[in-house]
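The values are calculated or read from the model by the stated rules, or taken from the named source; none is laboratory data. Computed from a predicted structure; not experimentally measured. Methodologically, a virtual Cβ is constructed for each residue, glycine included, from the backbone with ideal geometry; neighbour enumeration extends over all protein chains shown. In case anyone asks, the SASA skips ligands and DNA or RNA and just uses the protein heavy atoms, side chains included. Shrake-Rupley method; radii C 1.70, N 1.55, O 1.52, S 1.80 Å.
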Amino acid sequence: MTSRRKFLQLSTIASMAPVTKLLGFKQLTPVTKPVVVSTWNFGLDANAEAWKILSTNGRALDAVEAGARVPEGDPKESSVGLGGLPDRDGRVTLDSCIMDEFANCGAVACLEHIVHPVSVARKVMEKTPHVFLVGEGALKFALANGFKKEKLLTKESEKAWKEWLKTAQYKPVANIENHDTIGIVALDGKQNLSGACTTSGMAYKMQGRVGDSPIIGAALFVDNEIGAATSTGVGEEVIRIVGSHLVVELMRQGNSPQQACELAVARIVKNQPKKSKEIQVGFLALSKNGEYGAFALQKGFTYAVKSEEAANKLFEAKSYY
Ligand code: ASP
């Protein structure tokens, strides 16, 4: 009996702790101005596109989709959409997801021949009872919904792949152009959050490999009461800790977006003390009150921020190593 009472007391304390912090978090004055944050240098162009929507009182969901479509459609970006580096068999396979303020979400993985997987993910969210379509099924769905079948492998990407075939060594190196994803999260003028994430994944990956980018909770998570987070880098490590969901839950417990990103990166280091020294993972988070933060394993993770008060600007995140 005593031990049961003790247990109940302890569990009451344990369950009260986060609630107290959450109340503290909610007391912060909300920012009513829109904000958009995106990963890597191409985040600047993505933010500029998203801002056209946010600055005219548009919805965060439309803004993040429009932003993500920018690097997807750029043949010079070799890690997203058109011109993305292929898998080891020379096939460009794309992964993407999107999530709105109502926790609606959609995703596609291993999708070939479609330039804008983020828009297919949105259609999955809006037109089907499902969250996730992959491979042939995702392509069939895209074509049935008016998307055009296109060749995604550009001459440059094909040349790089043929060069890679000479040694065929698979070694992900931090920050080099063979893996960079756009993750974009935004808060609109109505105080609603949304996010999107899109990539061609790790260059020269095994056929059928899917990383974190299309997985809700891993590379993207949005909770309209708390905040949103996205990730980039070696997806396997992000999946292992369900990274973006972890970041949002850490914010729920009262951590700032910056602290939450740092704690998530520290979790990867704890899981993989050796490996974490050689790979890159970065998190980017935005809170319901418009505060943002970012942190990475290695130096070199850049992210772009645009808000009403500030011009669209690139920052370099602090890093664990
Ligand atoms: N996260 C992506 C993946 O694992 C790659 C990246 O962001 O660099 O496919």
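Hey, among Lys123, Lys148, which residue is open to solvent by 30 Å² or more (accessible area, probe 1.4 Å), out of contact with any strand residue (DSSP E or B) (no Cβ under 8 Å at 6 or more places or on another chain), away from the ligand (no atom under 16 Å from the Cβ) and modelled with pLDDT of 95 or more? Quick ask: steps written out before the conclusion?
Details: Lys123 fails: out of contact with any strand residue (DSSP E or B) (no Cβ under 8 Å at 6 or more places or on another chain).
Checking each option against the conditions leaves just Lys148.
When the test is whether a residue is of a type in the set (D, E, K, R), within 13 Å of the ligand (Cβ to nearest atom) and surrounded by fewer than 24 Cβ atoms within 10 Å (Cβ to Cβ), Asp95 does not pass it. Only residues in the range 121-142 that are of a type in the set (Asp, Glu) count as the first member; pair them with residues that are open to solvent by 30 Å² or more (accessible area, probe 1.4 Å), Cβ under 9 angstrom, at least 6 apart or cross-chain, and list the lot. Every condition considered, the pairs that remain are Glu126/Asn104; Glu136/Glu112.
Is it fair to say Glu249 is at pLDDT below 95 and either of a type in the set (Ser, Thr, Tyr) or open to solvent by 10 Å² or more (accessible area, probe 1.4 Å) (or both)?
Here the answer is no, as Glu249 does not meet what is asked.
Pairs are defined by a Cβ separation below 9 Å, a sequence spacing of at least 6 or placement on different chains, a first member in the range 253-282 that is over 15 Å from Ile239 (Cβ atoms), and a second member that is at pLDDT 95 or above and among the acidic types (Asp, Glu); the pairs so defined are Asn255/Glu262; Ser256/Glu291; Pro257/Glu291; Gln258/Glu291; Ala260/Glu249. Residue count for the range 213-225 satisfying the condition of being surrounded by fewer than 24 Cβ atoms within 10 Å (Cβ to Cβ) and of a type outside the set (Gly, Ala, Ser): 4.
The residues of the range 64-77 that are in contact with an Asp or Glu (Cβ under 7 Å, 6 or more places away or on another chain) and surrounded by 24 or more Cβ atoms within 10 Å (Cβ to Cβ), listed by number, are Gly67, Pro71.
Does the range 264-284 include one or more residues that are within 16 Å of the chain's Cα centre (by Cα) and open to solvent by 20 Å² or more (accessible area, probe 1.4 Å)? Within the range 264-284, none of the residues are within 16 Å of the chain's Cα centre (by Cα) and open to solvent by 20 Å² or more (accessible area, probe 1.4 Å). Determine whether Arg209 is closer than 20 Å to Val108 by Cα and either basic (Lys, Arg) or open to solvent by less than 10 Å² (accessible area, probe 1.4 Å) (or both). Taking the combined requirement at face value, the residue satisfies it.
If the condition is being open to solvent by 50 Å² or more (accessible area, probe 1.4 Å) and either modelled with pLDDT under 95 or touching a Ser or Thr at 6+ places or on another chain (Cβ under 6 Å) (or both), then the range 32-63 contributes Thr32, Lys33, Asn41.
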